Amino acid sequence: MSDQSLRGFVEMVQRDFPDDFVRISAPVRRDLDITSAVFELERSGKYPVVMFDDVEGFDLPVVTNVAGNRQLLAAAMGTSPDDLPLAYRERCQNYQPVEVVGDAPFEEIVLEGDDVDLTKLPIPFHFEVDAAPYITAGQIAARDPETGVDTVGFHRLMLKGKNRLGLSLHSRRRMYEFHRRAEAKGEALPAVITIGTHPIHYMGSMAYHYPPAVRKYEIIGALFGEPYRVAVSRTADLEVPAGAEIVIEGEILADTHEPEGPFGEFTGYASHRSTENVFVAKRVMMRKDAMFHSVASGTAADHILVSSISREAEILNALRRNLPNVTGVHVPLSTVGALMAVVQMKKTAEGQPKQAIMAALGTEFYVKIVVVVDEDVDIFNLSDVMWAVATRTRANQDMTLIHGAMGAILDPTSDPENHTLTKVGIDATKPAGKDFAERLIISDEQRARVRDILQKAQVRL
Ligand SMILES: Cc1cc2nc3c(=O)[nH]c(=O)nc-3n(C[C@H](O)[C@H](O)[C@H](O)COP(=O)(O)O)c2cc1C
């Protein structure tokens, strides 16, 4: 039985990867210090979990950058960094029913009615442009008002008052639809926010492609390789992770819209776009020694790495159903882990790249650029990918434009009214079975020989 809690993960990192753990004991401000420290570490190529023991004016410590490091995510899954998308893809489908446990540690403190005061939580102010402090690691769970099947996922939460949070359901997936269905009946949507979950929960919550009757908790269990342990909350019998640090019960109001944002988003821009919903908190529960989890926002790897891995896995999964000759998919972090996918294939017939472009765009609607390359191109090296685009693409016949397609609301190129945009597929493969210009290569043997020559000449490589 593995430790499925956030604190279990943090302990594992401290024990097994001490170089990837940073503790800041000196006082820091909740305004700007927490997320900008993560960006500063990234600038020097470091992606540690960071624990802030002393946030001025607050009692709880803040842990951040829990999911910004590929090696730590791989360790959590018991695999290697290179095999992470493959392991994610394989395991996501072995759905595991949950295990309901009795007492959960988060019930140690229960605050209700007037005692509910979210302003006492050390909710960071991430960017100067943000409208208010934002909870970024709030996993919201709710049930489909029609089928009763629940979902769970991150949605940004703007601190508006002691018991009031603004939220945006802009990803327009299950939670957006569940709220829409409740609203159609004139009802609020009962919901529970969990703060402080294991990064495997984070990863499972970012799964997109699975049948409607499957629960996200069953996918999280699949990634753990054992049933996910949950406890029943007092709101609408919603289940929450038993290892949670903090649980906030309440509801997303019907027919209520209030200004929400701007907020520094994954696109690298201040996002003024929002569905402007409102969550009202009725009960707060937490461990006596709770830690507050925050996801570093904007383009921090903590925010976009898991999205990139899950998209790589989902697209690879979809493409391989029809095109067994697809050899890899990469969704680069420089395209915010969302907007571009590079597909590698061993092309055997004309038309296959276009088939791959349609399937990839059809799988993940955030993706708006798909580049298909041959197997000699390194999809993890964007210089190599751009070399293939520059030397193999004939713009008059290898570019496919799809106008008026569904785009991401937060994509600044999507139409401000209806959020559509134009998607592009770029076939950067060589013609199949025909002679094409021969790529220059230097053999491994020759490389070894010249490395030896250079080293003997005291050149450091
Ligand atoms: C850190 C983080 C913050 C996110 N914030 C939001 C958000 O504010 N609104 C939203 O609609 N989706 C947000 N997402 C994306 C959703 O969590 C994701 O699309 C999820 O799969 C939606 O689940 P659902 O199908 O249960 O709605 C965020 C993702 C991450 C990783």
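The values are calculated or read from the model by the stated rules, or taken from the named source; none is laboratory data. Just so it is clear, the structure is predicted and the values come from calculations on it, not from any experiment. With ideal geometry, Cβ positions are generated from the backbone for all residues, glycine too; neighbour counts draw on all protein chains shown. What goes into the accessible areas is simple: the full protein's heavy atoms, side chains included, and nothing from ligands, DNA or RNA. Shrake-Rupley method; radii C 1.70, N 1.55, O 1.52, S 1.80 Å.
Worth pointing out:
- Total residues in the stretch 239-276, condition among the basic types (K, R) and open to solvent by less than 30 Å² (accessible area, probe 1.4 Å): 0
- Residue check, G148 open to solvent by 10 Å² or more (accessible area, probe 1.4 Å), of a type outside the set (K, R) and without any contact (Cβ under 8 Å) to a residue 12 or more places away in the chain: yes
- Candidate set from the stretch 151-178 (those that are more than 9 Å from the ligand (Cβ to nearest atom) and under 23 Å from the mean Cα position of the chain (by Cα)); member that is surrounded by the fewest Cβ atoms within 10 Å (Cβ to Cβ): L159
- None of S334, S308 is of a type in the set (S, T, N, Q), open to solvent by less than 10 Å² (accessible area, probe 1.4 Å) and within 17 Å of the chain's Cα centre (by Cα) except S308.
- Condition met for A191 (open to solvent by less than 20 Å² (accessible area, probe 1.4 Å), under 30 Å from P416 (Cβ atoms), within 12 Å of the ligand (Cβ to nearest atom) and aliphatic (A, V, I, L, M)): yes
- Flag for L440 being modelled with pLDDT under 95 and outside the structural domain of D384 (by TED's automatic domain parsing): no
- Of the criteria (1) surrounded by 21 or more Cβ atoms within 10 Å (Cβ to Cβ); (2) farther than 15 Å from N381 by Cα, which one A349 fails: (1)
This table checks each residue for (1) closer than 22 Å to N69 by Cβ; (2) open to solvent by 10 Å² or more (accessible area, probe 1.4 Å); (3) at pLDDT below 95; (4) within 15 Å of the ligand (Cβ to nearest atom).
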{"site": "M203", "(1), (2), (3), (4)": "yes, no, no, yes"}
{"site": "M206", "(1), (2), (3), (4)": "yes, yes, no, yes"}
{"site": "Y217", "(1), (2), (3), (4)": "no, no, no, yes"}
{"site": "E226", "(1), (2), (3), (4)": "no, yes, no, no"}
{"site": "A231", "(1), (2), (3), (4)": "no, no, no, no"}
{"site": "D237", "(1), (2), (3), (4)": "no, yes, yes, no"}
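Residues are listed down the side, and each one gets a yes or a no for (1) outside the structural domain of A338 (by TED's automatic domain parsing); (2) under 30 Å from E276 (Cβ atoms); (3) open to solvent by 90 Å² or more (accessible area, probe 1.4 Å):
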{"site": "L382", "(1), (2), (3)": "no, no, no"}
{"site": "G407", "(1), (2), (3)": "no, yes, no"}
{"site": "R451", "(1), (2), (3)": "yes, no, yes"}
{"site": "L454", "(1), (2), (3)": "yes, no, no"}
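- One residue from D411, D398 being under 21 Å from G337 (Cα atoms), under 40 Å from the mean Cα position of the chain (by Cα) and open to solvent by less than 60 Å² (accessible area, probe 1.4 Å): D411
- Residues in the stretch 1-54 that are under 24 Å from A104 (Cα atoms) and open to solvent by 80 Å² or more (accessible area, probe 1.4 Å): M1, D3, E11.
- So L305, is it farther than 19 Å from G153 by Cα and either within 16 Å of the ligand (Cβ to nearest atom) or at pLDDT below 95 (or both): no
- Subset tally (residues that are part of a loop (DSSP other than H, G, I, E, B) and either touching a His at 6+ places or on another chain (Cβ under 8 Å) or β-branched (V, I, T) (or both)) for the stretch 437-461: 3
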